[in-house]
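One structure is given here, and the rest of the page talks about it.
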Amino acid sequence: MIAMHDKGLADRIELVWTRTRQHNDPILAVNPSGRVPFLMLGDGTGMEDTDLIVDYLDALAPPRKYDVPHGEGYWHFRRLEATARSILDGGSVWAREIKRPVAEQSSEIIEHERRRAVRMSDYFENEIQNEVFQGELNKPQLLLFCALDLERRIPGFDWRAKCPRLCEWFRRLEVSKAAAASLPPIGV
């Protein structure tokens, strides 16, 4: 969503809010995995996975800005991208677990993901000063922003208390036009 707005493509994409965990959701007919994000193309085919969709959107509106840099910075950038994806993946597991009925929740999974989120927040508190997070919007920034934004869905995800630099970075991105426009409507 942020990349879509950042690239100025919002008027070319129709958003459909869905609940793919409901077995009768009509979107499952075209998106059988039920994973989101999912982008349906005009020819009826679809794409899932943030990386693929961001790359596709990036190619639709040149110049490209979400590519991985070449040369000396490649591995450093990819390492930060993978680590940002890790905090997002763990947060997603945590968010799904707490949505389950209380009697079915796993306290072990919840605590494991909480501890991981604390460690990862501490890690990014130090890494946030890195040039990858200070420059133009890129995939590591998108992934980290989305991971930290999971606090809206996870009441126990209190990363702000010990991470002032991360808070400052998050606030700057949060008020950007693309990030603000990406928030779902109330109740979604």
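Taken together, the values in this text are just the output of simple stated rules run on the coordinates, not laboratory data. These numbers come from a predicted model, not from an experiment. Using ideal geometry, Cβ is built from the backbone for each residue, glycine included, and neighbour counts are taken over all protein chains shown.
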Legend entry - Total charge dipole magnitude, the chain, about the Cα centre, Cβ charges on Lys, Arg, Asp, Glu only, Debye to nearest 20: 420 debye
Legend entry - Peptide ranges 66-79, 145-158 listed from the most packed, as the mean C-beta count within 10 angstrom indicates: 145-158, 66-79
Inset, instruction - Determine the distance separating the Cα centre of region 3-65 from the Cα centre of region 149-176; give it in Å without decimals. - result: 26 Å
Legend entry - Cα-based radius of gyration of region 71-180 once divided by 2.2 N^0.38 Å, which approximates compact folds: 1.10
Inset, instruction - Show that you can apply the helix-only estimate: for the chain, add -39,500 (n - 2.57) for every DSSP H stretch of four or more residues, divide by all residues, and state [θ] at 222 nm to the nearest 500. - result: -15500 deg cm²/dmol
Inset, instruction - Once you have a ≥ b ≥ c as the square roots of the Cα gyration tensor eigenvalues for the chain, tell me rounded if a/c is under 1.5, and otherwise prolate or oblate according to whether a/b is larger than b/c. - result: oblate
Inset, instruction - Give the dimensionless ratio obtained when the Cα radius of gyration of region 2-60 is divided by 2.2 N^0.38 Å. - result: 1.14
